[in-house]
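Undergrad: Take this structure, written in structure tokens, and hold onto it; I'll ask about it next.
The values are calculated or read from the model by the stated rules, or taken from the named source; none is laboratory data. What you see is a predicted model; the values in this text were computed from it and never measured. Every residue, glycine as well, gets a Cβ built from its backbone with ideal geometry; the counts of neighbours run over all protein chains shown.
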Amino acid sequence: MGKHIVVIEGSPRVAKNTDRVVGAFLRGAQEAGHTTYKLSLAKNRVNGCIHCMQCGKNGYCAQKDAMEALYPELERADLVVFASPIYFWQITSQMKAAIDRLYALYMMGRFPHGDAGKQMMVFLVCGDADPAAAADAQGFFSGVFEKRLGWKNAGTLVVSGTSRPDFDLEKEGFLQRAYDLGASL
Ligand SMILES: Cc1cc2nc3c(=O)[nH]c(=O)nc-3n(C[C@H](O)[C@H](O)[C@H](O)COP(=O)(O)O)c2cc1C
């Protein structure tokens, strides 16, 4: 049976490396018959959590932005893909803001965790030729989502070397690898 796949894409740039990798992945997943939903944090502004705690009282987040549409998608997702460039050896602030806003689901008792936990994939894109530049961000996802919240990691793709002048995402096989990850689900 087809899965429902949600991608949170944390690059502020459209049509660059992270966006293209996500595009290839989505093509593979859609061709394999899965349904998909993408939140682009380049095209949609998502504010950080302001700790107002209205979610605990009202049952929904007080801030009205692209997270409103994401919450129900995420709840029904079988697989959540976090795709982020590496900024200062970590995920982007845009990605962190979206993750912090998942606190609203947590406060409403609807955060998928433990036995109800999701499958996830992590795509990280760094300028450095050494993929170790993404290690701390990988540690963030495995520490928070796998170890603390019980999600299962279904795959990690690290794209490294994007700062090289002759870097070519397609020729170096990264688009194919992303497509294959989607197609293999
Ligand atoms: C503010 C900033 C910080 C960055 N820090 C790192 C870093 O710590 N390590 C690294 O390998 N690349 C770093 N980069 C390079 C990006 O990871 C790289 O350009 C990546 O391809 C950006 O993703 P995009 O092409 O999808 O926009 C940084 C870029 C910016 C703008």
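Undergrad: If a residue must be touching a Gly at 6+ places or on another chain (Cβ under 7 Å) and surrounded by 15 or more Cβ atoms within 10 Å (Cβ to Cβ), how many such residues does region 1-26 contain?
TA: Of the residues in that region, 2 qualify.
Undergrad: Same structure again: I need the full set of residues from region 149-185 which are of a type in the set (A, V, I, L, M, F, W, C), under 20 Å from E31 (Cβ atoms) and within 16 Å of the ligand (Cβ to nearest atom), in order please.
TA: L157, L169, F174, L175, A178
Undergrad: Quick one: in region 89-148, which of the residues that are charged (D, E, K, R), more than 23 Å from F25 (Cα to Cα) and not in a helix (DSSP H, G or I) is nearest to the ligand (Cβ to nearest atom)?
TA: Residue satisfying both the conditions and the ranking: R101.
Undergrad: Let me ask something additional. Restricting to region 66-88, what's the tally of residues that are out of contact with any helix residue (DSSP H, G or I) (no Cβ under 8 Å at 6 or more places or on another chain) and assigned to a helix (DSSP H, G or I)?
TA: Here the count works out to 5.
Undergrad: Return the residue satisfying two criteria in turn: it lies in region 1-28 and is away from the ligand (no atom under 16 Å from the Cβ) and over 15 Å from the mean Cα position of the chain (by Cα), and of such residues it is nearest to Q119 (Cα to Cα).
TA: Step by step, filter region 1-28, then rank; the result is K3.
Undergrad: For region 46-78, which residues satisfy the criterion of being among the acidic types (D, E) and within 15 Å of the chain's Cα centre (by Cα)?
TA: Within region 46-78, E73, E75, D78 qualify.
Undergrad: For region 34-56, does any single residue satisfy the condition of being modelled with pLDDT of 95 or more, of a type outside the set (G, A, S), surrounded by fewer than 15 Cβ atoms within 10 Å (Cβ to Cβ) and within 16 Å of the ligand (Cβ to nearest atom)?
TA: yes
Undergrad: Would you call G150 surrounded by fewer than 15 Cβ atoms within 10 Å (Cβ to Cβ) and touching a His at 6+ places or on another chain (Cβ under 6 Å)?
TA: When the stated conditions are applied, G150 passes them.
Undergrad: Consider region 70-88. How many of its residues are within 16 Å of the ligand (Cβ to nearest atom) and either at pLDDT below 95 or crowded, with 19+ Cβ neighbours inside 10 Å (or both)?
TA: So the answer is 6.
Undergrad: Any residue in region 3-17 that is of a type in the set (S, T, Y) sitting within a Cβ distance under 8 Å of a residue that is more than 9 Å from the ligand (Cβ to nearest atom)? List the pairs, counting only those 6 or more apart or interchain.
TA: Correct list of pairs: S11/L41; S11/Q94.
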